[in-house]
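K.L.:
Starting off with a structure, shown below.
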Amino acid sequence: MNREGKVYVFDHPLIQHKVTLMRQTSTTTKEFRELAREVVTLMTFEATRDLPLKDVEIETPITKCTMKMLAGEDIAIVPILRAGLGFVDGMLDLIPNAKVGHIGLYRDPETHEPVEYYCKLPADIEKREVFVVDPMLATGGSAIAAIDFIKMRHVENINFMCLIAAPEGIEALQKAHPDVNIYIAAKDDHLNEHAYIVPGLGDAGDRLYGTK
Ligand code: PRP
Ligand code: URA
């Protein structure tokens with residue numbers, strides 16, 4: 001194991017405000033999508049705080065000097081379909097050269113266990129810092145299964161970013177993948193009997209795509 005994963009809950013007022021708007025039933029699909037993009041951009045700003053920098057020689061109109069730039073643009077974003085797709089554009093706004101992989105999983109409505117239907121990852125994913133993204137971390141089953149797939153490709157630096165997490169999901173993900181950093185906009189109270197997050201925002205995929 002390469003590193004000890006940490007849990008970061010972003011308490012920035014803008015993030016809290018926008019997540020509260022996303023939770024509200026009265027928020028339309030259009031507004032929900034726009035808010036998701038905005039929140040994810042803000043979260044990406046925070047989640048990339050520790051990316052390594054390198055010295056580069058540049059020339060300004062005044063002088064030559066040594067300044068900092070990102071050491072690599074070796075980032076991969078892996079949304080868990082389908083709701084994770086709502087995270088991709090907000091991240092690409094800040095990291096336009098990131099490669100994007102996709103993992104398709106849905107929760108079986110009876111067992112709440114993840115069922116895989118698609119997996120396509122960048123060919124060089126093992127060289128990259130990977131951000132697995134999904135709005136909801138409920139039981140943790142989907143995030144754990146997605147990261148299991150990615151680890152089969154010998155990836156070492158994995159992060160998981162979500163909007164809302166239940167304590168049960170955080171605990172399960174940390175237990176299964178203790179090396180993964182977890183970035184959360186809001187930590188909620190508990191899961192209900194259908195394994196939905198309370199208070200949550202409902203079904204993230206339905207809210208993003210207007211299916212219901
Ligand atoms: C939702 C959500 C996560 C998963 C979280 O997806 O987007 O992927 O549930 O739940 P878990 O932590 O208990 O696994 P869903 O299965 O509803 O599929 P969808 O994105 O296709 O709607
Ligand atoms: N998936 C969702 O979309 N919402 C929840 O609250 C739990 C799982």
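The values are calculated or read from the model by the stated rules, or taken from the named source; none is laboratory data. Values in this document were obtained by computation on a predicted structure and should not be read as measured data. Positions of Cβ are generated from backbone atoms using ideal geometry, with glycine treated the same way; all protein chains shown enter the neighbour counts. Quick note on the areas: whole protein, heavy atoms, side chains included, nothing else; ligands and nucleic acids left out. Shrake-Rupley method; radii C 1.70, N 1.55, O 1.52, S 1.80 Å.
K.L.:
Among the residues of the stretch 93-134 satisfying the criterion of being farther than 30 Å from LEU53 by Cβ and in a loop (DSSP other than H, G, I, E, B), which is nearest to ligand 2 (Cβ to nearest atom)?
P.N.:
HIS112
K.L.:
Mind checking which pairs have a first residue in the stretch 66-89 that is among the polar types (S, T, N, Q) and a second that is away from ligand 2 (no atom under 16 Å from the Cβ) and open to solvent by 70 Å² or more (accessible area, probe 1.4 Å), Cβ under 7 Å, 6 or more apart or different chains?
P.N.:
THR66/ASP55; THR66/GLU57
K.L.:
Tell me, please, whether a residue that is closer than 26 Å to LEU35 by Cβ, of a type in the set (Asp, Glu) and crowded, with 19+ Cβ neighbours inside 10 Å can be found in the stretch 184-198.
P.N.:
Looking for residues that are closer than 26 Å to LEU35 by Cβ, of a type in the set (Asp, Glu) and crowded, with 19+ Cβ neighbours inside 10 Å, one finds at least one in the stretch 184-198, hence yes.
K.L.:
Please work out if VAL78 is within 16 Å of ligand 1 (Cβ to nearest atom), touching a Lys or Arg at 6+ places or on another chain (Cβ under 7 Å) and among the β-branched types (Val, Ile, Thr).
P.N.:
Judged against the criteria, VAL78 is not a match.
K.L.:
Report whether or not GLU113 is open to solvent by 50 Å² or more (accessible area, probe 1.4 Å), farther than 28 Å from ALA71 by Cα and either without any contact (Cβ under 8 Å) to a residue 40 or more places away in the chain or more than 16 Å from ligand 1 (Cβ to nearest atom) (or both).
P.N.:
It is true that GLU113 is open to solvent by 50 Å² or more (accessible area, probe 1.4 Å), farther than 28 Å from ALA71 by Cα and either without any contact (Cβ under 8 Å) to a residue 40 or more places away in the chain or more than 16 Å from ligand 1 (Cβ to nearest atom) (or both).
K.L.:
Listed residues ALA143, ALA186, ALA195; which is within 14 Å of ligand 2 (Cβ to nearest atom), in a strand (DSSP E or B) and in contact (Cβ under 8 Å) with a residue 40 or more places away in the chain?
P.N.:
Going through ALA143, ALA186, ALA195 in turn, the sole match is ALA186.
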